Amino acid sequence: MYVLATVLGALLLTILLRRFKSRRMCLDPKRLDNKTVLITGGISGIGKETAIALAKRGARVIITSDDEQKGEEALRHIKRESTSVNVRFLPLNMANLQNIRDFCKEFLKSEKRLDILINNEGVPAVLDWTENDFSMCFGVNHLGPFLLTNLLLERLISCTPSRVITVTSNVHKYQKLDFADLNYNIVPLFTYCRSKLANVYFTQELAQQAGRHGVTACAVHPGYVVGSWTSQFSILFRIVMYVFTSMFFISCEDGAQTVIYCAVSDDILQHNGGYFSDCKPCKLRPHVQDAGIAKKLWEASETMVGLTSSPRDHLATRTK
């Protein structure tokens, strides 16, 4: 009797948890023929699932990673799953600003279009440093996408209507930015939360600067996704996290749905600079909707990555 009750209880719990983890699917049938999509970190997880989905819709999809061997393996997998040969892999190290500059220079030479930029690559809550001496979380999760987007912005504007989708997390709401120490790198979780908050502010200011030129920007919380991010931790930690994530986290395919939605749906056009989750726009806490902080972060980020001229200069020239 005890065994039967235990089994029934486990089954009931499983059903409830599956229901709890259910997500809305992107049902928009829109195709992306003749569109070019760049997905950073597109060799695994949400990025790879997004690449497969958009390639199936006819887009030319370019994925990046600093691991060329895994990149080539992912490329073959994406082509096979999407039945599309119009997929390309390019090496890119988001922890190295010079590498980002070199990548953009080569990308602009070889690719004539960029319709959708998906800033997907990111690192979890780790205490480490980039090759440019920035905290790994802030450097890879914010400064890397910031520089990449800036250097490719003119191409995005020339292909309007275009979109910039930045993958963030709803943990952004648990921290605030400290402009006296943007390179904060003490408590791993706090560092991660601040980098994800920076993603949201970046999206808002990008919409302010480039929106009138036909560029739509949005930040996406994909949900808590089962992925390979625990691989760098101890075996014991990975076992514990496997049990936890299998109960409460969603699959990479489910996590990609809101990213796909923001890439194809015209509903997002009325929410430029918005924050999306579960295939719909979501409200932000008051401190995350501060336009002054968003602009201040943009200007500080320009200095940190060494931008000599900003999109603001280019866009101002265009409006004269």
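The stretch 265-288 to the stretch 74-138: how many Å between their Cα centroids? If you average the Cα positions of each part, the centres end up 24 Å apart. Excluding residues fewer than 8 places away in the same chain, name every one of the lysines whose C-alpha is closer than 24 Å to that of Lys56. Output for Lys56: Lys30, Lys35, Lys48, Lys70, Lys79, Lys112, Lys280.
Per the Debye formula with a single identical scatterer at each Cα and no solvent contribution, what log10 I(q)/I(0) holds for the stretch 73-140 at q = 0.27 Å⁻¹? With no solvent term, the Cα-only Debye profile gives -1.19. Residues whose amide H falls under 5 Å from that of Val225, counting only those 5 or more places apart or on a different chain, are Ile250, with hydrogens built in the peptide plane. Each peptide in 133-143, 170-180, 187-197 gets a packing score, the mean of other Cβ atoms within 10 Å over its residues, and the list from highest to lowest is 133-143, 187-197, 170-180.
With contacts taken as Cα pairs under 8 Å and at least 6 residues apart, the stretch 37-187 reaches a relative contact order of 22 percent.
A 1.4 Å probe run over the protein chains yields, for the stretch 67-168, 41 Å² of accessible area per residue, whole-number rounding.
For the stretch 94-166, GluC sites (Glu not before Pro) meeting the loop criterion (DSSP other than H, G, I, E, B) and having at most 15 other Cβ atoms within 10 Å: Glu131. The orientation-averaged projection of the convex hull spanning the C-alpha atoms of the stretch 92-217 amounts to 7.3 square nanometres. Multiplying the residue separation of Ile235 and Ser251 by 0.36 nm and subtracting their alpha-carbon distance yields 3.6 nm.
Taking the protein heavy atoms of the stretch 30-148 in the context of the full set of protein chains, the accessible area attributed to carbon and sulfur is 44 percent at 1.4 Å.
The values are calculated or read from the model by the stated rules, or taken from the named source; none is laboratory data. If you're wondering where the values come from, they're calculated on a predicted model, not measured in any experiment. Ideal geometry is used to build each Cβ from the backbone, glycine not excepted, and the neighbour counts take in all protein chains shown. Please note that ligands, DNA and RNA were not included when accessible areas were found on the heavy atoms of the full protein model with its side chains. Shrake-Rupley method; radii C 1.70, N 1.55, O 1.52, S 1.80 Å.
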